[in-house]
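Single-structure report; data block below.
What follows draws every value from the coordinates through simple rules; no lab data is involved. Values in this document were obtained by computation on a predicted structure and should not be read as measured data. Note that we place each Cβ from the backbone using ideal geometry, even for glycine, and neighbour counts take in every protein chain shown.
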Ligand code: PMV
C-alpha cells in the first residue's frame, strides 16, 4: 500500500477549455498557487487478483463504491506503464476545514496519480506525475507541485505538464476562501468549459487575453508583487466568466452573493487596502491579499455579511508520499 497527500490549488490565470478532449490538452497555459488548507489523502494497493477476476474498489466518504471513469483513466495508464494487470483498492479522504467550500478534483487526482504509480512500483518524476494527474483532471496537473506553478499547455500528451515557478514562496501572499454556497455545482467544469468553447463568440478572445497575461503574471510572481498578482488574477477570472455569460445559451457560476462580495472588495480597495477576487466554476470567491491585511479585510467582510464563512490559506507544498 502507498499513501499520498496532495493539496488543492487556485488558478490565477485559468485553464478554461480543451483543445483535445481525449488527450486533455488545454488551449492555453495556466498559472496557479497551491494552497495549504485543503488536501486529499489517497492510498492505493494492488492485490493478487487480476482486473479480469475482480474490479477495482474505491472507498470514499465512508462507503465502498465503483471508481469513477476519470479514476479508471488514471489507473489504466498506471497499469499500462507498469505492465501490471492487478486489481486496485483505492481509499481516499478529503480534508476540508469546516465549510471551506474548496472542494476540488485537483488534490484528488494529484494524490491518486502519486499513490497509484508508486504502489505499482513506478518512480515517476514530477513531470511524469503531472502528465498522469492531468488525465484525471486538468487542474490536478498543477497540484503535483507546491507554491506557484505553470501548466504548459503543450501540443500532445508528453508536452502538456506543469512546472514550478516559485516554491517555497518568500512573500506573504494569502488567499481567503469565502463560502457563500456549499451545494454541488449544477454545471460541472468539463461541461461548462466545453459549452464556452463551442458556443461563445468571445472564446478566441479568451485564449488570446489569457495567453497575453502569462508573462505579466510570471513577472509579478518573480517580483513578489502581491497587488499585481491580484489585479491580473481578478481580470483573468472575469474574462473567463465572460465566456459563460456570452455563450448561447448563456450561463453563469455567479450567485447573488458573489457579486455582492465583488462590490465589497472594490469598496475595500477604495479604503487603501489591496484585495482582489478570483473564482472558479462555482460561486465561492477567493480573495488574494497580503497576510498583514487579512484582519482588516475579514473585519469588513464580517460587518457587511455576518453569516459569511472563510478559510485563510497560505502557499501549500507539493504532493507527498506519507506512508
Ligand atoms: O480541472 P478541472 O477539469 O476541474 O477544471 C478546472 C477549471 C477551473 O478551476 C475553472 C480553472 C483552473 O484552471 O483551475
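Here is the tail figure for the stretch 2-169: Cα pairs spaced more than 23 Å apart come to 35 percent of all pairs. Using R0 = 35 Å, the C-beta based FRET efficiency linking residue 73 and residue 48 works out to 0.90. A simple spin-label model places the labels of residue 198 and residue 122 3.1 nm from each other, with each point 7 Å out along Cα-to-Cβ. Cβ-to-Cβ counts within 10 Å put 64, 151 in ascending order as 64, 151, the fewest first.
In terms of other Cβ atoms within 10 Å, 193, 238 run from fewest to most in the order 238, 193.
Specify the inter-centroid distance of the stretch 264-288 and the stretch 128-199, based on alpha-carbon positions, in whole Å. Computed from Cα coordinates, the inter-centre distance equals 20 Å. When the alpha carbon gyration tensor of the chain is reduced to an equivalent ellipsoid, its three semi-axes come out at 33, 21, 19 angstrom, largest first. Label point of residue 185 set 7 angstrom out along Cα-Cβ; within the stretch 225-263, amide nitrogens under 15 Å from it belong to 237-245, 251-255, 258.
Run the paramagnetic zone check for residue 305: 7 angstrom along Cα to Cβ, then residues of the stretch 4-19 with backbone nitrogen under 19 Å. The answer is 10-11.
Based on the Kirkwood radius over alpha-carbon pairs, what is the Stokes-Einstein translational diffusion coefficient of the stretch 114-238 at 37 °C with 0.692 mPa s viscosity, in µm²/s? D = 195 µm²/s. Counting neighbouring beta carbons within 10 Å and listing from fewest to most, the residues 24, 81, 1 come out as 1, 81, 24.
Per DSSP H run of at least 4 residues, take -39500 (n - 2.57); add these up for the chain, divide by its residues and hand me the 222 nm value, nearest 500 deg cm²/dmol. Mind dumping the intermediate values first?
Working: 10 runs with 119 residues, N = 323.
Taking each H run of at least 4 residues, the total per residue is -11500 deg cm²/dmol.
When the P(r) is computed for the stretch 173-313, the part past 18 Å accounts for 58% of the Cα-Cα pairs. Please identify which residues in the stretch 237-273 have an amide N closer than 20 Å to a label point set 7 Å out from the Cα of residue 296, following the Cα→Cβ vector. Only 261-273 pass the distance filter. Multiplying the residue separation of residue 248 and residue 208 by 0.36 nm and subtracting their alpha-carbon distance yields 12.4 nm.
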